[in-house]
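The values are calculated or read from the model by the stated rules, or taken from the named source; none is laboratory data. It should be emphasised that the depicted structure is a prediction, and the values quoted were computed from it without experimental measurement. Note: ideal-geometry Cβ built from the backbone for every residue, glycine included; neighbour counts use all protein chains shown.
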Amino acid sequence: MHIPGLLELTEREEIPNCMILLTGNSNVGKSCYSREYLLERINNSSDCVYISCTNTEEQFQNWMLSAGCSRDQIDSNLHFINPYIRRNSGGESSSKLPWILSEIKEITVNSHSSNAGIPNLNAGKKFNGIENLVKKKNPNFTLIIDSLNHLIALFGLKEVEAFATDLYFTSKIQQLSGICSLTIPSLDEEQFERLGLSFDAILEMAFKEEMESRLRAMKMTLIRGVVLTPKWVDFEITKEGLIRFLQKGSDFICYVCKSKIKENPISYSGLYFHVNHLEVYKKLVGIYGLSLSELGFSSEVMDASFFFIDIVGLSDPSYSVSSQRQKIEVLNNLIMTCSAYNLEEKKIILPTGDGMVIGFPLNPELALKLGIQLHQKLRTYNRGKGERDRIKVRIGLSSGPVFSVSDIKNNQNFWGPGIILARRVMDIGGEGHILISDSLAKALLALKDEYKPIINYIGDYSIKHGQVLTLYSAYADDFGNPEAPEKR
């Protein structure tokens, strides 16, 4: 069994399958940790049951999609239960806690039958005893309860204690693993010890008392049958809601770029990454469905300024395929006639369907110059044309690292934070916008005074995972859009 930060917490790469009681103060990060563990298990093809009283199924699925799960993974591997909603809509049978365990048992048996490729003869049946599970085992099944406090509030402490005991024996028969979170101090010492007897391991989380920042710490205090030397391991929660461990002084090697991590590493799926390389890893694995060793990652990192563009409204179904193709071809030809495009031979060029991304490794000005020149050419092209024949674009500019990737057909490709950020900057804009990320805008403003009148600060914009982008907009009389994008 693997959990996030296992090596830091236990100095082991694996521990026996077990049910973990995750304890800590309110808002210390128990839900973030539970969800990161869930993502890791989903990516390892585990079937998972997630129990929460604070989310609807739609909210939960939307969160999983934003975290990188595919719709197929959600439909085939995830099962969501909200006991509060079920209790209030399921009649008298849902007013007691044992129905949750019955449903968990049914899901595990059905999942095992499905995974084994045999007909599911038990669909629709309820399981009232553990003996039904003796002959059916699914060693790759995960249960997460976030949190036990909500169950105690709904059903009472005694019923939750009985539920935890039954769950403990069910986990042994079914080889289940998982995490149940508990906010403390919500129970007295005797109550906590009694509840803790139904778990194989206890993981504690706490705020660092001497810090006023987001820094926290956790330690694994117990794994039954395993000799441990409990130690506090510092961590923080990133803006994306990821757990970032802060082990210092160790020689961690980034799995993406193969270089030593001089600052604080981030751990994911038992691997270590530079902070800005983890998203690259997730994107590439998601795109190609392969490990990085199969992708053939280059150890070289290439920094560039990026120009990301697409045609506004091209996905309108009223446009014919021929009309869509013609607009894309016209846009490509206009870009290739811009002097900024032709000044640098070494370019990264990737088509994106209704647009493209172009990276300039040697000159940070060229992305902006290309946007300005293209707008001027589009004004000439669109003059006198009808509304449907005009080409309207939005442009996002940023800078950052990318990596060279060889795909399964041995074609060279590129991906990395620089491209990802340029896409997110562009997505905020609308027709006529040339939006610029904070880092690239500041670099250009420091480079030449001529950019100061045309590069304008427009504010902070929120995107997915709670990330906030500080943006600038480039505009003048003959290019750009002086109206700030709406904040969504």
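Tabulated results
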{"quantity": "Residue list for region 344-365, filter: aliphatic (A, V, I, L, M) and in contact with a Leu (Cβ under 6 Å, 6 or more places away or on another chain)", "calculated": "VAL357"}
{"quantity": "Residue in region 174-183 that is at pLDDT below 85 and within 22 Å of LEU6 (Cα to Cα) present", "calculated": "yes"}
{"quantity": "Yes/no for ASN27 being on the phi > 0 side of the Ramachandran plot, free of Cβ contacts under 8 Å to residues at least 12 places away in the same chain and not aromatic (Phe, Trp, Tyr)", "calculated": "yes"}
{"quantity": "Within region 148-201, helices (runs of 4 or more DSSP H) holding 2 or more residues that are under 21 Å from ILE107 (Cα atoms), β-branched (Val, Ile, Thr) and in contact (Cβ under 8 Å) with a residue 24 or more places away in the chain", "calculated": "157-174"}
{"quantity": "Verdict on ILE454 being farther than 22 Å from GLY355 by Cβ and modelled with pLDDT of 95 or more", "calculated": "yes"}
{"quantity": "Residue list for region 77-91, filter: part of a helix (DSSP H, G or I) and either of a type in the set (Lys, Arg) or at pLDDT 80 or above (or both)", "calculated": "ASN77, PRO83, TYR84, ARG86, ARG87"}
{"quantity": "Residue check for SER299: among the hydroxyl-bearing types (Ser, Thr, Tyr), under 26 Å from the mean Cα position of the chain (by Cα), under 26 Å from LYS346 (Cα atoms) and modelled with pLDDT of 85 or more", "calculated": "no"}
{"quantity": "Flag for GLU161 being at pLDDT 85 or above, more than 30 Å from GLU236 (Cβ to Cβ) and of a type in the set (Asp, Glu)", "calculated": "yes"}
